[in-house]
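The values are calculated or read from the model by the stated rules, or taken from the named source; none is laboratory data. Predicted, not measured: the structure shown is a model, and the values here were computed from it. Cβ sites come from the backbone with ideal geometry, for glycine too, and all protein chains shown count toward neighbours. These area figures cover heavy atoms from the full protein model, side chains too; ligands, DNA and RNA do not enter into them. Shrake-Rupley method; radii C 1.70, N 1.55, O 1.52, S 1.80 Å.
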Amino acid sequence: MTRPAGLLVFLCFLMFLLLTGLVPGYVDRARLAADIRSLEVYLLKAQTAEGSICVPDMLAAAQAYLARAKEEYEEGDYWEAEDAAKLCRETSESLWDKILVCGEDLDRDGIPDLRDRCRDEPETYNGYQEADGCPDRVPARAVLAPGKIEILEPLRFDQETQELIPGAVEPVLRDVAALMRENPQIRIRIEAHADSSLTAEQSSSLCARRAENVRAALVAEGVDAARLETADKGAGEPIAPNDSALGRMLNRRIEFVQIP
């Protein structure tokens with residue numbers, strides 16, 4: 001056999017091996033790099049869309065194949081990288097469909113069924129436990145008791161101005177106002193108390209300002225000003241010893257007392 005003929009036979013045999021996959025073929029490195037980047041973006045989106053909760057095993061397997069593909073590519077083993085990328089792609093094929101099913105929202109309250117404890121009842125958006133997906137009612141922060149309205153959370157004041165601290169008191173006063181609207185026959189005296197750390201004159205001034213600020217806040221909530229009175233009680237009616245920080249804190253309080 002002549003040399004050109006032998007070379008032709010060799011080339012034909014090599015082509016046969018390439019076509020049948022018996023020897024590794026040429027890998028398009030640019031295409032492989034783009035494929036790996038595409039898979040990385042896809043899996044990142046799947047992770048963000050609750051994939052680790054909906055399909056944790058499938059996502060973990062795909063991420064492992066991707067990590068292997070990136071490692072092999074960086075080491076120059078492009079054939080191995082291509083195989084790992086192919087396995088990643090095959091593992092990821094049905095990933096998104098499963099996440100979408102997992103993320104359905106039957107009651108259309110904006111909370112996926114995966115995290116919705118009440119899938120057939122929509123969440124009540126009222127600032128209270130809004131992540132559980134269940135209808136609810138904010139627990140009362142004020143209750144009607146014999147002779148008074150009892151508040152279950154203390155009101156907080158700025159120590160310099162004695163003004164109510166925004167955001168910390170509105171829910172409590174809203175509940176007090178709601179009780180007064182529900183019981184139009186009652187009138188309230190807002191009594192402000194102090195501890196014994198101040199002089200009598202200082203206590204009187206502090207209490208007067210605090211009581212008036214609470215009254216103004218209730219009027220802003222829609223309570224008729226004629227149903228509200230104020231009283232600065234000073235430090236004369238403690239409910240705890242004034243010899244400790246806790247006792248003094250308890251004595252600095254606002255009380256809502258019913259009046260005729």
Q. Looking at region 179-197, which of its residues are buried (at least 16 other Cβ atoms within 10 Å of the Cβ) and either of a type in the set (A, V, I, L, M) or in a loop (DSSP other than H, G, I, E, B) (or both)?
A. LEU179, MET180, ILE186, ILE188, ILE190, ALA192, ALA194, ASP195, SER196
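How many residues, within region 141-157, are farther than 18 Å from GLN258 by Cα, open to solvent by less than 60 Å² (accessible area, probe 1.4 Å) and not in a strand (DSSP E or B)? Working first, answer last.
At the first step, the residues of region 141-157 found to be farther than 18 Å from GLN258 by Cα are 153-157.
Still in the running and open to solvent by less than 60 Å² (accessible area, probe 1.4 Å): 155, 157.
Filter again for not in a strand (DSSP E or B), leaving 155.
Of the residues in region 141-157, 1 are farther than 18 Å from GLN258 by Cα, open to solvent by less than 60 Å² (accessible area, probe 1.4 Å) and not in a strand (DSSP E or B).
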**Q.** Residues located in region 113-133, provided they are closer than 21 Å to CYS102 by Cβ and of a type outside the set (D, E, K, R)
**A.** LEU114, CYS118, PRO122, ALA131, GLY133
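Considering only region 216-229, I want to know if a residue exists there that is in a strand (DSSP E or B) and surrounded by fewer than 17 Cβ atoms within 10 Å (Cβ to Cβ). Give the derivation first.
Looking only at region 216-229, we keep the residues that are in a strand (DSSP E or B), and these are 228-229.
Now restrict to residues that are surrounded by fewer than 17 Cβ atoms within 10 Å (Cβ to Cβ): 229.
Yes, there is a match, as at least one residue in region 216-229 is in a strand (DSSP E or B) and surrounded by fewer than 17 Cβ atoms within 10 Å (Cβ to Cβ).
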**Q.** SER205, sole failed condition from (1) surrounded by fewer than 14 Cβ atoms within 10 Å (Cβ to Cβ); (2) more than 37 Å from the chain's Cα centre (by Cα)
**A.** (1)
Q. Of these, ALA200, ALA192, ALA178, which one is modelled with pLDDT of 95 or more and among the aliphatic types (A, V, I, L, M)?
A. ALA192
Q. Just one of ALA168, ALA142, ALA226, ALA208 is in contact with a Lys or Arg (Cβ under 9 Å, 6 or more places away or on another chain) and modelled with pLDDT of 95 or more; which is it?
A. ALA226
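State yes or no: is ASP120 within 28 Å of the chain's Cα centre (by Cα) and buried (at least 16 other Cβ atoms within 10 Å of the Cβ)? So that I can check it myself, show each step before the final result.
Details: within 28 Å of the chain's Cα centre (by Cα): yes; buried (at least 16 other Cβ atoms within 10 Å of the Cβ): no.
No: the conditions fail for ASP120.
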Q: Give the residue, chosen from ALA235, ALA177, that is of a type outside the set (D, E, K, R), within 30 Å of GLU121 (Cα to Cα) and in contact with a helix residue (DSSP H, G or I) (Cβ under 8 Å, 6 or more places away or on another chain).
A: ALA177
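When you check LEU106 against the structure, is it under 30 Å from LYS45 (Cβ atoms), surrounded by 12 or more Cβ atoms within 10 Å (Cβ to Cβ) and either among the hydroxyl-bearing types (Ser, Thr, Tyr) or touching an Asp or Glu at 6+ places or on another chain (Cβ under 7 Å) (or both), yes or no? Please lay out each step first, then the result.
Working: under 30 Å from LYS45 (Cβ atoms): yes; surrounded by 12 or more Cβ atoms within 10 Å (Cβ to Cβ): yes; either among the hydroxyl-bearing types (Ser, Thr, Tyr) or touching an Asp or Glu at 6+ places or on another chain (Cβ under 7 Å) (or both): yes.
Taking the combined requirement at face value, the residue satisfies it.
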Q) Can you find even one residue in region 57-66 that is surrounded by fewer than 17 Cβ atoms within 10 Å (Cβ to Cβ), without any contact (Cβ under 8 Å) to a residue 60 or more places away in the chain and hydroxyl-bearing (Ser, Thr, Tyr)? A) no
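Looking only at region 146-161, which residues are touching a strand residue (DSSP E or B) at 6+ places or on another chain (Cβ under 9 Å) and not aromatic (Phe, Trp, Tyr)? Outline the logic, then answer.
Here is the first cut: in region 146-161, the residues touching a strand residue (DSSP E or B) at 6+ places or on another chain (Cβ under 9 Å) are 146-158.
Answer for region 146-161, where residues must be touching a strand residue (DSSP E or B) at 6+ places or on another chain (Cβ under 9 Å) and not aromatic (Phe, Trp, Tyr): PRO146, GLY147, LYS148, ILE149, GLU150, ILE151, LEU152, GLU153, PRO154, LEU155, ARG156, ASP158.
Can ASP175 be described as touching a strand residue (DSSP E or B) at 6+ places or on another chain (Cβ under 8 Å), open to solvent by less than 70 Å² (accessible area, probe 1.4 Å) and among the acidic types (Asp, Glu)? If you could, list the steps in order and put the result at the bottom.
Working: touching a strand residue (DSSP E or B) at 6+ places or on another chain (Cβ under 8 Å): yes; open to solvent by less than 70 Å² (accessible area, probe 1.4 Å): yes; among the acidic types (Asp, Glu): yes.
For ASP175, the condition - touching a strand residue (DSSP E or B) at 6+ places or on another chain (Cβ under 8 Å), open to solvent by less than 70 Å² (accessible area, probe 1.4 Å) and among the acidic types (Asp, Glu) - is met.
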(Q) Considering only residues that are open to solvent by less than 40 Å² (accessible area, probe 1.4 Å) and either aromatic (Phe, Trp, Tyr) or within 23 Å of LYS45 (Cβ to Cβ) (or both), which ones fall in region 67-102? (A) ALA69, ALA81, ALA84, ALA85, CYS88, THR91, SER92, LEU95, ILE99, CYS102
Q | Residues of region 30-78 satisfying the condition of being farther than 27 Å from LEU100 by Cα and not in a helix (DSSP H, G or I) | A | GLU75, GLY76, ASP77
